[in-house]
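The values are calculated or read from the model by the stated rules, or taken from the named source; none is laboratory data. Worth saying up front: this structure is predicted, and the values here are computed from it rather than measured. Because the Cβ atoms are built from the backbone with ideal geometry, glycine has one as well, and the counts that use them run over all protein chains shown.
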Amino acid sequence: MNAVRYLLGNKTNLDASLVLSRTGNTSYKETYLESMRISKILENFSQKRVFLFAEKSPFWIFSYFGVIASGNVCVPIDTRLTNEEISELVMLVKPVMIITEAKNTAKFEKCKIPIVDEITAKNYEVGNIKEVNEDDLASIMFTSGSSGKPKGVMITHKNIIANTNSIIEYLGLSDKDIMEVVLPFYYCYGLSLLHTHARVGGKIVLNNKFLFPETVSRDIEDFKCTGFAGVPSHFEILVHKTRFLERKFASLRYLTQAGGKMSDETILKIHEKMKPTKLFVMYGQTEATARLSYLPPEKLPEKVGSIGKGIPGVELIVRDTCGNPVKTGELGELTAKGDNIMKGYFEDKKSTDEKIVDGWLKTGDRQTRIYLYKM
């Protein structure tokens, strides 16, 4: 199944909003139609790579869904990259098209690659969702490159569907959920918020102004958000630089944290001060589409510091240097297996073979705070 059919194809109320905004909402119907215009542009290509360089916005969503719906491969690009870094990625990926906002087209003129922006996209007719094999690529997500050059993580339609199903299950998401999104969509954690809420018929509020952190609380109150997701730095700022913990958000059902180790002190403070809002501490990697484990909120006081248990459909084993499972209390490398594990690294078989061994993803995490528990 094409991941876009899975994400958008089960809606009974197309007039419902996917994106809530102070300047106007975006419905599921508009999302589908505008996405299918992008799909129409690319209908003569198959499994070709398409750059997506844009701010988090409805246009980004239309473009992402449209590329994948056409049976091609979306390559979301970090908008903070320098021109030199962008040129290196263009040479590596060799995209057949670049989708960007009109204000950015000059940045890509020297690439001599067809460019589509939010204005020219309106000139096309509506296309269709192309059927694909589940192991076909849907996207290539580049890692941050914190441990060397960024790697292109190849994500399949099956990966997206599997990871989205798992996250929806353990968070208990429904069409009543409204997520405040401060994370960028070129980051797997941020993109998973779009996947999950689109699938259940929920809503998202796009916040590109975290430089002014009080906007988060204002959005949650004004749009009656049921969820907020952030990395440790987001929570540290909200906890220590704003009145976030002092507010009473009647609508806020849960918080999720991933993207690094947050201090135990901050975790417990949020857990105590935000009740009955639940805090889900999670762990994952781009190579796992997004998510590998979560710590159930009720286990936080006794298991603070733990990455919890594998998400539904994912098996986790900690192994020693010989690849054997370690005993309780021993240190080792966390390995993972499931339908959410990437196909491999783009144009890098050597790194792929080192990272995925006998179907198991070697996470590279050996810290003493990375440990599992049995329910």
Check your understanding: Restricting attention to segment 135-167, and to residues there that are basic (Lys, Arg) and part of a loop (DSSP other than H, G, I, E, B), which single residue is modelled with the highest pLDDT?
Key -> 151
Review point. Residues of segment 151-182 being without any contact (Cβ under 8 Å) to a residue 60 or more places away in the chain and either touching a strand residue (DSSP E or B) at 6+ places or on another chain (Cβ under 6 Å) or outside the structural domain of residue 228 (by TED's automatic domain parsing) (or both), which ones?
Key: 179, 180
**Study point:** Lone unmet requirement of (1) within 15 Å of the chain's Cα centre (by Cα); (2) of a type in the set (A, V, I, L, M); (3) not in a strand (DSSP E or B) for residue 132
**Key:** (1)
Practice item. For residue 296, state whether it is under 27 Å from residue 159 (Cα atoms) and either polar (S, T, N, Q) or assigned by TED's automatic domain parsing to the domain that holds residue 190 (or both). Key: yes
Practice item. Would you point out which residue out of 373, 345 is aromatic (Phe, Trp, Tyr), at pLDDT below 85 and touching a Lys or Arg at 6+ places or on another chain (Cβ under 7 Å)? Key: 373
Point to revise | Selected residue (criterion: farthest from residue 47 (Cα to Cα)) from residues of segment 346-367 that are among the charged types (D, E, K, R) and not in a helix (DSSP H, G or I) | key: 366
Review point. Could we say that residue 313 is crowded, with 19+ Cβ neighbours inside 10 Å and at positive phi here?
Key: no
Review point. For segment 73-112, how many residues are of a type in the set (Gly, Ala, Ser) and modelled with pLDDT of 95 or more?
Key: 1
Check your understanding: Restricting to segment 108-129, what's the tally of residues that are acidic (Asp, Glu) and surrounded by 14 or more Cβ atoms within 10 Å (Cβ to Cβ)?
Key -> 2
Study note, to complete from the structure: How many residues of segment 114-129 are among the aliphatic types (A, V, I, L, M) and either within 11 Å of residue 70 (Cβ to Cβ) or in a helix (DSSP H, G or I) (or both)? The answer is 2
Exercise for review: Working only within segment 275-309, note down all residues that are in contact with a helix residue (DSSP H, G or I) (Cβ under 9 Å, 6 or more places away or on another chain), within 23 Å of residue 143 (Cα to Cα), in contact (Cβ under 8 Å) with a residue 40 or more places away in the chain and in a strand (DSSP E or B).
Suggested key: 294
Check your understanding: Taking into account only those residues within segment 310-345 that are of a type in the set (Asp, Glu) and in a loop (DSSP other than H, G, I, E, B), which is farthest from the chain's Cα centre (by Cα)?
Key -> 330
Review point. Counting only residues that are in contact with a strand residue (DSSP E or B) (Cβ under 6 Å, 6 or more places away or on another chain) and among the charged types (D, E, K, R), which one in segment 310-348 is farthest from residue 163 (Cα to Cα)?
Key: 319
Check your understanding: What are the residues in segment 316-340 that are of a type outside the set (Gly, Ala, Ser) and surrounded by fewer than 16 Cβ atoms within 10 Å (Cβ to Cβ), if any?
Key -> 320, 321, 322, 324, 325, 326, 327, 328, 330, 331
